[in-house]
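Q: Attaching a single structure in structure tokens format; questions to follow.
The values are calculated or read from the model by the stated rules, or taken from the named source; none is laboratory data. Everything numeric in this text was worked out from a predicted model, so none of it was measured. Every residue, glycine as well, gets a Cβ built from its backbone with ideal geometry; the counts of neighbours run over all protein chains shown.
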Amino acid sequence: MNLFYAAKLRFEVQNEDALLLPCRIHLFDQNEKPQKIEGLPYWHDHFVCPGSAQLELPTGRYRYEIERGPEHERLNGEVTINDESPTMVRRQLNRIANLRDQGWYSGDLHIHRPLSQVALLGEAEDLDFAPVITWWNKSNQWEANSHPQAGEDEREGGALLFHRLTSHIDITQSSREVPSPMVYVEQVRREHPSVWIDIEKPFWWDVPVWLASGQMQSIGIANNHMWRSRMLPTEAWGRARDEKRLPPPLGNGFWTQEIYYHILNTGIRLPPSAGSASGVLGNPLGYNRVYVHLDGKFSEDAWWNGLEKGNCFVTNGPLL
């Protein structure tokens with residue numbers, strides 16, 4: 001790559017009708033360094049755009065990947081840019097499934113991205129529902145906003161996600177173990193009767209207590225240990241699996257599934273949920289998503305009601 005010369009590279013991504021299509025772009029130089037663009041949402045190794053994006057880059061060869069959630073095909077290619085004239089990459093990104101037409105609406109319940117970016121992020125990922133976590137342990141960024149916001153209590157025993165709130169609850173004074181997460185569960189139930197409480201992952205140590213409380217409403221099966229680029233190999237500070245029986249890289253996923261089946265076999269009927277932790281871990285928004293089937297039009301209330309009934313499935317790619 002020639003670092004002394006810069007050239008312009010423009011992307012235009014279109015749908016089948018030749019209209020610009022919001023999407024996610026992963027762009028890497030010859031050293032596999034991800035490229036970002038000023039003014040567009042960027043995270044980890046990708047940026048999203050409303051269908052077009054222009055960058056000024058050192059001359060050289062680049063490779064790209066273009067995606068828009070699991071209902072569209074994935075594109076990839078290479079481009080060489082020079083300082084003689086602007087380079088254009090124009091690609092058509094085709095839809096391969098339309099679950100919305102069949103009554104299925106997608107959501108990601110674990111998002112740590114700025115509220116100001118989430119509208120474009122949702123369009124670029126073809127995601128229907130994207131509540132944003134704005135308070136989390138010692139951090140509280142809740143603000144007056146019409147977009148649905150949520151909170152997370154993540155400490156020694158694991159993590160709980162609180163959705164369908166009209167205001168935050170203050171957990172900033174908590175330590176790693178005190179007070180018990182159940183103190184906040186009881187508080188939020190009193191102050192927000194319509195709250196939805198999601199167990200963020202099934203292998204957290206406090207999961208048996210949370211299940212016994214009868215206060216939980218869903219559990220994260222496609223969770224943030226599942227990345228677009230890899231599987232996280234351990235259970236963090238949760239209950240570790242037997243790696244001889246369930247070796248990496250897929251062992252963590254099988255362990256998650258196994259625990260969930262044990263929960264169902266006890267007679268506890270918790271619907272599966274999904275979350276990507278985009279903004280904290282290395283996933284795009286909506287990489288892990290839960291599809292909920294609705295009989296009528298989409299609304300937030302209808303979506304939560306459908307999830308409560310268990311009319312859902314989770315995925316991070318395959319659509320069977």
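Q: Tell me, please, whether a residue that is outside any strand (DSSP E or B), touching a residue at least 24 places away in the same chain (Cβ under 8 Å) and of a type in the set (Lys, Arg) can be found in the range 237-245.
A: Looking for residues that are outside any strand (DSSP E or B), touching a residue at least 24 places away in the same chain (Cβ under 8 Å) and of a type in the set (Lys, Arg), one finds at least one in the range 237-245, hence yes.
Q: Another question, then. From Met216, Met226, Met231, which residue is buried (at least 18 other Cβ atoms within 10 Å of the Cβ), of a type in the set (A, V, I, L, M) and without any contact (Cβ under 8 Å) to a residue 60 or more places away in the chain? Walk me through it before giving the result.
A: Details: Met226 fails: without any contact (Cβ under 8 Å) to a residue 60 or more places away in the chain; Met231 fails: buried (at least 18 other Cβ atoms within 10 Å of the Cβ).
So the residue among Met216, Met226, Met231 that is buried (at least 18 other Cβ atoms within 10 Å of the Cβ), of a type in the set (A, V, I, L, M) and without any contact (Cβ under 8 Å) to a residue 60 or more places away in the chain is Met216.
Q: When the residues of the range 306-320 are filtered to those that are modelled with pLDDT of 95 or more and under 13 Å from Trp104 (Cα atoms), which remaining residue is surrounded by the most Cβ atoms within 10 Å (Cβ to Cβ)?
A: My answer is Leu307.
Every residue, every condition in (1) surrounded by 18 or more Cβ atoms within 10 Å (Cβ to Cβ); (2) in contact with a helix residue (DSSP H, G or I) (Cβ under 6 Å, 6 or more places away or on another chain); (3) among the aromatic types (Phe, Trp, Tyr), yes or no:
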position: Met88; (1), (2), (3): no, no, no
position: Trp104; (1), (2), (3): yes, no, yes
position: Ile111; (1), (2), (3): yes, no, no
position: Ser116; (1), (2), (3): no, no, no
position: Ile133; (1), (2), (3): yes, no, no
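Results for (1) over 17 Å from Pro272 (Cα atoms); (2) at pLDDT below 95, shown as yes or no for each residue.
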| site | (1), (2) |
| --- | --- |
| Glu156 | yes, no |
| Ser167 | yes, yes |
| Val185 | yes, no |
| Arg190 | yes, no |
| Ile199 | no, no |
| Ala212 | yes, no |
| Ile219 | no, no |
| His225 | no, no |
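Q: Report, by residue number, each residue of the range 142-158 that is of a type outside the set (S, T, N, Q), in contact (Cβ under 8 Å) with a residue 24 or more places away in the chain, farther than 17 Å from Gly107 by Cα and out of contact with any strand residue (DSSP E or B) (no Cβ under 6 Å at 6 or more places or on another chain).
A: The answer is Glu143, Glu154, Arg155, Glu156, Gly157, Gly158.
Q: Looking at Glu143, Glu156, Glu200, Glu177, can you tell me which residue is of a type in the set (Asp, Glu) and either more than 29 Å from Gly253 (Cα to Cα) or in contact with a Cys (Cβ under 8 Å, 6 or more places away or on another chain) (or both)?
A: Result of the check over Glu143, Glu156, Glu200, Glu177: Glu143.
Q: Looking only at the range 71-86, decide whether some residue is within 20 Å of Pro284 (Cα to Cα), assigned to a strand (DSSP E or B) and hydrophobic (A, V, I, L, M, F, W, C).
A: Residues of the range 71-86 within 20 Å of Pro284 (Cα to Cα): 71-77.
From the residues that got through so far, the ones that are assigned to a strand (DSSP E or B) too are 72, 75-77.
Narrowing the set further to residues that are hydrophobic (A, V, I, L, M, F, W, C) leaves 75.
Yes, the range 71-86 contains a residue that is within 20 Å of Pro284 (Cα to Cα), assigned to a strand (DSSP E or B) and hydrophobic (A, V, I, L, M, F, W, C).
Q: Examine the range 296-304 for a residue that is farther than 23 Å from His112 by Cα, crowded, with 18+ Cβ neighbours inside 10 Å and at pLDDT 95 or above, and state whether such a residue exists.
A: Let us first name the residues in the range 296-304 that are farther than 23 Å from His112 by Cα, namely 296-298, 302.
From the residues that got through so far, the ones that are crowded, with 18+ Cβ neighbours inside 10 Å too are none.
No, that holds for no residue.
Q: Among the residues of the range 1-56, which ones are among the small types (Gly, Ala, Ser) and part of a loop (DSSP other than H, G, I, E, B)? Full working, then the answer.
A: At the first step, the residues of the range 1-56 found to be among the small types (Gly, Ala, Ser) are 6-7, 18, 39, 51-53.
Across the range 1-56, the qualifying residues are Ala18, Gly39, Gly51.
Residue by residue, here is whether (1) assigned by TED's automatic domain parsing to the domain that holds Asn82; (2) surrounded by 15 or more Cβ atoms within 10 Å (Cβ to Cβ); (3) among the hydrophobic types (A, V, I, L, M, F, W, C) holds:
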| site | (1), (2), (3) |
| --- | --- |
| Val13 | yes, yes, yes |
| Glu16 | yes, no, no |
| Cys23 | yes, yes, yes |
| Asp29 | yes, yes, no |
| Leu40 | yes, yes, yes |
| Val48 | yes, yes, yes |
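Q: Scan the range 126-154 residue by residue and report those that are under 16 Å from Ser167 (Cβ atoms), out of contact with any Asp or Glu (no Cβ under 7 Å at 6 or more places or on another chain) and assigned to a loop (DSSP other than H, G, I, E, B).
A: Pro131, Gln141, Trp142, Glu143, Ala144, Asn145, Ser146, His147
Q: Which condition number in (1) part of a loop (DSSP other than H, G, I, E, B); (2) touching a Ser or Thr at 6+ places or on another chain (Cβ under 9 Å); (3) of a type outside the set (Asp, Glu) is the one that Ile219 fails?
A: It is condition (1) that Ile219 fails.
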